[in-house]
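Working notes, structure below.
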Amino acid sequence: MGFYTSPSFFMALAAAVVPAAVLGFMERRIKYYGFAASCVMVGLLFSGSPAGAAAFAVFLTVAFASMRATLASWKGGCKSMAVYRASLVATIAPLVIYKVGAVFDANLLGFIGISYLTFKAVQVLIEIRDGLIDDLGVIDYLYFLTFFATFTSGPIDRSRRFREDADRRLSRSEYADLFSRGILFLLAGAVSQLVLATIAQTALDPSATAQLAGVPAVISVPGPAPVRTIARAYVYTLYLFFDFAGYSLMAVGASYCFGIATPQNFRAPFAAQDMKDFWNRWHITLSTWLRDFVFMRFVRMASKRKLFSSRLHTACAAYLVDMLLMGAWHGLTLDYLAYGLYHGVLLALTEVYQKRSAFYKRNKRKRWYRALSWFVTMQLVVIGFALFSGQLTHIIERIING
């Protein structure tokens, strides 16, 4: 049963939402029912994949043991960095093994949702180490990781925010507002993913490029080859947005029905004025996770050790590290790593330009400049997604091979 893709999932979701709605309208806490429902839904997800279920069980066991070891160390007063680092490595190890194995077409410890769950589990460890989490119950932790609404495709929630929502007793009017918005998000997400993404999908050329992107297209884009290549890049961008935004909207909608106000993942990304603005609008929970747990920590570490001559150079290096990790998180392939490096370079160049360019400071608020900046940004975004889909590397290979 595929989440947000198969009719059986939507039937199971409808059945699961009914008791949650009854509890919500009765002003009862949904937390324990939500945890039980998540266990059932995740069980259905892995019902046809014993290997995936086993890999998930291994990950959950390792992550839970790592969390408890780190929490015991910090609560015990010794604050052992050795325990923390060992826990961090153990939690990340299944994802690294899976990504490396995928390069060689081997599925080692992989299961659907492993990338999202790893970032959630790592976030808990880091916040324990930072002193932001001093207690975390078994059900609280397992519910956070196994919450079915965001299990396969995000958004990447934060444990403290999630626990606050799960523990709240909403009034009838509060839950009614959340529930109604949840249903609207589910419908909007379904339209985006099942209708708009399908329309974009059918406009893609059924070439090796489309197959690399996982898009079995049926209608070719008309025109000369260069025009078709450019058109495919734009259409793929639209397809990716409608597909992923649709999944995210449905995940948010399902969360709302269970009393969890999962944060939004997209905020009009195609209105972005520059690349930094784009990443504040696209896959927001991933970009903010990387900002908080990679970018800011790298900046602090580099500044403390004086690795770079200026704060600007430090920020540029941090963008490169941040985005390369983002690319590797998607996969250890040339396409994904190039996509991460591309955006790291663009963000670094944007930082330098905005900090040092008198032209930018003089014109940044003018209408013509904002329109031009928007246009350039969108072209850079489309090129990035052409990298992400494998379209550019496929074209380069064809040129090299004649």
Problem set entry | Complete set of residues in segment 161-185 that are open to solvent by less than 30 Å² (accessible area, probe 1.4 Å) and either of a type in the set (A, V, I, L, M, F, W, C) or free of Cβ contacts under 8 Å to residues at least 40 places away in the same chain (or both) | PHE162, ALA166, LEU170, LEU178
Exercise. Name the residues in segment 87-125 that are over 15 Å from the mean Cα position of the chain (by Cα), of a type in the set (Val, Ile, Thr) and open to solvent by less than 40 Å² (accessible area, probe 1.4 Å), would you?
Worked result: THR91, VAL124
Exercise. Applying the selection to segment 155-203, what residues are touching a Lys or Arg at 6+ places or on another chain (Cβ under 9 Å) and among the hydroxyl-bearing types (Ser, Thr, Tyr)?
Worked result: SER159
Problem set entry | Pairs, first at positive phi in segment 102-114, second of a type in the set (S, T, N, Q) and surrounded by 15 or more Cβ atoms within 10 Å (Cβ to Cβ), C-beta under 9 Å, six or more apart | GLY113/THR150; GLY113/THR152; GLY113/SER153
Problem set entry | The one condition in (1) surrounded by 22 or more Cβ atoms within 10 Å (Cβ to Cβ); (2) modelled with pLDDT under 95; (3) more than 30 Å from VAL227 (Cβ to Cβ); (4) not acidic (Asp, Glu) that LEU204 fails to fulfil | (3)
Seminar exercise, completed: The residue that is surrounded by the most Cβ atoms within 10 Å (Cβ to Cβ), considering only those in segment 126-160 that are touching a residue at least 12 places away in the same chain (Cβ under 8 Å) and among the charged types (D, E, K, R), is ASP157
Seminar exercise, completed: Going through segment 235-258 in order, the residues found to be more than 25 Å from GLN379 (Cα to Cα) and open to solvent by 10 Å² or more (accessible area, probe 1.4 Å) are LEU249, TYR256
Problem set entry | Residues satisfying the stated conditions in segment 314-334, i.e. open to solvent by 30 Å² or more (accessible area, probe 1.4 Å) and at pLDDT below 95 | HIS330, LEU332, THR333, LEU334
Exercise. Does TYR369 satisfy the condition of being assigned to a helix (DSSP H, G or I) and touching a residue at least 24 places away in the same chain (Cβ under 8 Å)?
Worked result: no
Exercise. In the set ALA90, ALA102, ALA106, ALA86, which member is more than 27 Å from GLY259 (Cβ to Cβ), at pLDDT below 95 and assigned to a helix (DSSP H, G or I)?
Worked result: ALA102
For this session: Take ALA166 and decide whether it is within 16 Å of the chain's Cα centre (by Cα) and assigned to a helix (DSSP H, G or I).
Result: no
Seminar exercise, completed: LEU346 passes all but one of the listed conditions (1) within 15 Å of SER287 (Cβ to Cβ); (2) modelled with pLDDT of 95 or more; (3) within 18 Å of the chain's Cα centre (by Cα); the exception is number (3)
Problem set entry | Among the candidates TYR141, TYR175, residue that is under 14 Å from ARG68 (Cα atoms) and hydroxyl-bearing (Ser, Thr, Tyr) | TYR141
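The values are calculated or read from the model by the stated rules, or taken from the named source; none is laboratory data. Every value quoted in this text rests on a predicted model; they were computed, and no experiment measured them. A quick note on method: Cβ atoms are made from the backbone with ideal geometry, for glycine too, and the neighbour counts reach across all protein chains shown. The area values use the complete protein model at the heavy-atom level, side chains included, leaving out ligands, DNA and RNA. Shrake-Rupley method; radii C 1.70, N 1.55, O 1.52, S 1.80 Å.
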